[in-house]
Amino acid sequence: MGLFNLLHGRKARPFKGIPGPTPSFPMGNAGEFLDKMRQPWEVCSDFAHEFGGVTLVWMAGQPALILNDPDLIGEVLESNWTSYYKDAPCKALAPVITRRSLFITNYGKGWSKAREENAFSVLNQQQFLSQQIEPLQTVIKRDVEQFIDRSKSSDIDLYWDTQKLSFHAFSQVFWGQTFGDQVFDWFQNLARTGDWRMQCKVPPLLNIPPVRPSFYTSRSKWYLMFERLVKEARKNPDASAPDMLNQALVHGPQLSDAVLAEALATNFFGGVFSGSSTINTALYLLAKHPNESEKLVAALKADLGGEDGYDLETLLGCKQLDFVLREAMRYYPAVPLYLRNSVKDREVKLGNHTLPPNTMLFISNYYLHKFSHHWPESEKFDPSRWDKGVAEENPFASGHFFPYGRGPRACIGQEYGIFYTKIALATLLLNSNVELDPSQKFNQHFFFGVMMPKGLKAKFHAPG
Ligand code: HEM
């Protein structure tokens, strides 16, 4: 502590009065985040219990604030959002998803242009989503049939198999076709490199490009394939085809092949991990609460199980499905932690504090989603808590419930994400009986910025 203060006392002065764990030389508090027994969002939540809504930590010699206060988070992500930018994970992901990807561009022209031109901003979402119901059901049912078949001889590994299912589903929605295992392998190869770089504990290593030759092979095949698909579709765009590629070509702004290919490819990185994480979390929590599972299956049969299928309004109107997914995302949010920095060229006011330029902030929803003063019996998985106006009082992107983030930089795929997880869970449960041993450990695992439960096994049986 003494040596640490001696070296960094000047940097600590602007943060006077903000509580936090005692730093030690030379790592500060970074060791807490290397603890294999706790995930980083659990560390942030533990600090909130100990120190309150704002905690000062030291990542080696760099001070950072952990925010667990809804008002301060609101300032950073909403009311004063232009005073902050995304630093991490931009350098880590630039070789994987390219610099101009919406995920990692920053203010000014780059981000706002990419956001405005994105198909999710341009297309009428209700209309777009309505057209995805049938194609999505077909793709998901096909995978469920495979799960049922494979379950006769082995377990389904939910970590891998639901990622693949989501990958197939996204391929259909965004590209109008499903891709084979080779394309999934390129995707995984890119994601592994991105994840390694995002979790790299030695920042200077990020100045070095990835070294694995297979990364470059996968990257060029992945982007070339998508550019070729855009080029082909552009020759004769089909207004009646529901996929995002054709819809963006017909209704969207003129984008180059590379820019459109990149934007549609980013959707995989945006949603495959977070979407499959949410489905697995919901399946696990339902297995732990058989009454809730029975209630949900009964509601799905009543609301969505008719011979004639269902439309968007009916899917989104299935209350029990909505409550289960909200509760699963409250309980174990798929994206529990992300970062911002205050701008580099000036000090920024945050609450009563004045942040020096380029102060790093950790933002977590994990603690607030379980905040017991807000959520009665917060540790209980209870979908019915969302009834009687609670869902309206706590909409997505509100102070104590923001699984898709908050403010102008919140998830652009939120509406689609909610829709996709609903249709995926409903199709799985209407077309199979899921057998998941609830005594399995819910092993939170951090991959590509997403909390992914790893190791869950299940069997899928033909519905009785
Ligand atoms: C369960 C599913 C999903 C969850 C929980 C989720 C969560 C999030 C969160 C929390 C953010 C904000 C991060 C920040 O503020 O730094 C975000 C941003 C983003 N998400 Fe999602 N997401 C999901 C699905 C999707 C899907 C399906 C897509 C695309 C198809 C997508 C694309 C994006 C993009 C491009 C951004 C960056 C937006 C920007 O910076 O303007 N996400 N997501």
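Annotations
- Selection status of ALA114, among the small types (Gly, Ala, Ser), in contact with a Lys or Arg (Cβ under 9 Å, 6 or more places away or on another chain), over 22 Å from PHE226 (Cα atoms) and part of a helix (DSSP H, G or I): no
- Sole residue being surrounded by 14 or more Cβ atoms within 10 Å (Cβ to Cβ), more than 21 Å from PHE419 (Cα to Cα) and not polar (S, T, N, Q), chosen from LEU339, LEU325, LEU316: LEU339
- Residue under evaluation ASN280, criteria (1) in contact with a helix residue (DSSP H, G or I) (Cβ under 9 Å, 6 or more places away or on another chain); (2) in a helix (DSSP H, G or I); (3) away from the ligand (no atom under 12 Å from the Cβ), criterion not met: (3)
- Restricting ILE412, ILE423 to residues that are under 16 Å from the mean Cα position of the chain (by Cα), within 14 Å of the ligand (Cβ to nearest atom), within 28 Å of ALA263 (Cα to Cα) and aliphatic (A, V, I, L, M) narrows the list to ILE412.
- Within segment 251-270, residues that are more than 18 Å from HIS168 (Cα to Cα) reach partners that are assigned to a helix (DSSP H, G or I) and within 16 Å of the ligand (Cβ to nearest atom) with beta carbons closer than 6 Å, at six or more positions or on different chains, in the pairs GLY252/ALA119; GLY252/VAL122; PRO253/GLU117.
- When segment 274-285 is filtered for residues that are crowded, with 24+ Cβ neighbours inside 10 Å and either in contact with an Asp or Glu (Cβ under 9 Å, 6 or more places away or on another chain) or small (Gly, Ala, Ser) (or both), the ones remaining, listed by number, are SER274, GLY275, SER276, SER277, ALA282.
- Residue satisfying condition, being aromatic (Phe, Trp, Tyr) and touching a Gly at 6+ places or on another chain (Cβ under 8 Å), within set TRP81, TRP175, TRP160, TRP111: TRP81
- Candidates in segment 239-274 are the residues that are at pLDDT 95 or above, assigned to a loop (DSSP other than H, G, I, E, B) and of a type outside the set (Gly, Ala, Ser); of these, the one that is farthest from the ligand (Cβ to nearest atom) is PRO242.
- Qualifying residue in segment 396-414 (condition: of a type in the set (Lys, Arg), assigned to a loop (DSSP other than H, G, I, E, B) and crowded, with 18+ Cβ neighbours inside 10 Å): yes
- Scanning segment 72-104 for residues that are within 16 Å of ALA258 (Cα to Cα), within 11 Å of the ligand (Cβ to nearest atom) and not in a helix (DSSP H, G or I) yields SER101, LEU102.
The values are calculated or read from the model by the stated rules, or taken from the named source; none is laboratory data. All of these numbers come straight from a predicted model, not from anything done at the bench. Methodologically, a virtual Cβ is constructed for each residue, glycine included, from the backbone with ideal geometry; neighbour enumeration extends over all protein chains shown.
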